[in-house]
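Undergrad: Below you will find the structure I want to go over with you.
The values are calculated or read from the model by the stated rules, or taken from the named source; none is laboratory data. For clarity, every value in this text was computed on a predicted model and none was experimentally measured. Using ideal geometry, Cβ is built from the backbone for each residue, glycine included, and neighbour counts are taken over all protein chains shown. Keep in mind that these areas ignore ligands, DNA and RNA; they rest on the heavy atoms of the full protein, side chains included. Shrake-Rupley method; radii C 1.70, N 1.55, O 1.52, S 1.80 Å.
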Amino acid sequence: MIELKNVYKEYKSSKGVITKALNNINIKLPSSGLIFVLGKSGSGKSTLLNLIGCMDKVTSGNILINDKDISKLSESKLNDYRNSCFGFIFQEHNLIEKFSVYDNLKLPCALKKLKYKKDDYDKILNSVSLDNLGYRSVNELSGGQKTRVSIARALIKNPNVILADEPTG
């Protein structure tokens, strides 16, 4: 279960202007199922996902994941936790364009110290209808194919949680 208690997130611009992205968020999310966060552009949806997924830190408040408070973890502990628990599907894909599809899938596996064979990568690519595209450079793919590579990259680690930012985009 994921729980946010009195979570605030503020950003400070280079000119010192403070923007409140999240203001006193208190929610409990179940351990399984699909959860959708809806809101207007700029309402803090991506910020919320980044905090839950250990990509950013709260200004104040607490985030508990399975009763473990992640809001006070060091940067390296957050990185370890993120790599072991979460798969991400980003709005902008965040793929390395010059790398092959295979190489993009190998990156999260290397961070988690997983050893996969070519057949393992092919199986996940097959599951997102990208058969025989493993050696293709990402910059040669269509937008829809890049989205599916991003999904495959999120799935390859078999994460506990998948966070998808603008998944219908």
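Undergrad: For region 111-128, which residues satisfy the criterion of being farther than 12 Å from Ala152 by Cα and either of a type in the set (D, E, K, R) or surrounded by fewer than 12 Cβ atoms within 10 Å (Cβ to Cβ) (or both)? If you could, list the steps in order and put the result at the bottom.
TA: Of all residues in region 111-128, those farther than 12 Å from Ala152 by Cα come to 111-119.
Selection gives Lys112, Lys113, Lys115, Lys117, Lys118, Asp119.
Undergrad: Okay, moving on. Is it the case, given these coordinates, that Asn104 is among the polar types (S, T, N, Q), out of contact with any Ser or Thr (no Cβ under 8 Å at 6 or more places or on another chain) and closer than 15 Å to Pro159 by Cβ?
TA: It is false that Asn104 is among the polar types (S, T, N, Q), out of contact with any Ser or Thr (no Cβ under 8 Å at 6 or more places or on another chain) and closer than 15 Å to Pro159 by Cβ.
Undergrad: Just a yes or no: is a residue in region 138-148 of a type in the set (D, E, K, R), open to solvent by less than 90 Å² (accessible area, probe 1.4 Å) and in contact with a Phe, Trp or Tyr (Cβ under 9 Å, 6 or more places away or on another chain)?
TA: Pass one, region 138-148, residues of a type in the set (D, E, K, R): 140, 146, 148.
After this cut, where a residue has to be open to solvent by less than 90 Å² (accessible area, probe 1.4 Å) as well, the list is 146, 148.
Filter once more, so that each one left must be in contact with a Phe, Trp or Tyr (Cβ under 9 Å, 6 or more places away or on another chain): none.
No, region 138-148 contains no residue that is of a type in the set (D, E, K, R), open to solvent by less than 90 Å² (accessible area, probe 1.4 Å) and in contact with a Phe, Trp or Tyr (Cβ under 9 Å, 6 or more places away or on another chain).
Undergrad: Okay, next question. Which condition number in (1) at pLDDT below 90; (2) closer than 19 Å to Phe90 by Cβ; (3) over 17 Å from the mean Cα position of the chain (by Cα) is the one that Tyr11 fails?
TA: Unmet for Tyr11, out of (1) at pLDDT below 90; (2) closer than 19 Å to Phe90 by Cβ; (3) over 17 Å from the mean Cα position of the chain (by Cα): (1).
So that you can scan it fast, the table gives a plain yes or no per residue for (1) closer than 22 Å to Ile70 by Cβ; (2) charged (D, E, K, R); (3) in contact with a helix residue (DSSP H, G or I) (Cβ under 9 Å, 6 or more places away or on another chain):
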site: Met1; (1), (2), (3): yes, no, no
site: Lys5; (1), (2), (3): yes, yes, no
site: Tyr8; (1), (2), (3): yes, no, no
site: Lys12; (1), (2), (3): no, yes, no
site: Thr19; (1), (2), (3): no, no, no
site: Ser31; (1), (2), (3): yes, no, no
site: Gly44; (1), (2), (3): yes, no, no
site: Thr47; (1), (2), (3): yes, no, no
site: Cys54; (1), (2), (3): yes, no, yes
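Undergrad: Another question, if that's okay. Do we have any residue at all in region 83-98 that's closer than 18 Å to Ser150 by Cβ, without any contact (Cβ under 8 Å) to a residue 24 or more places away in the chain and either assigned to a helix (DSSP H, G or I) or not aromatic (Phe, Trp, Tyr) (or both)?
TA: yes
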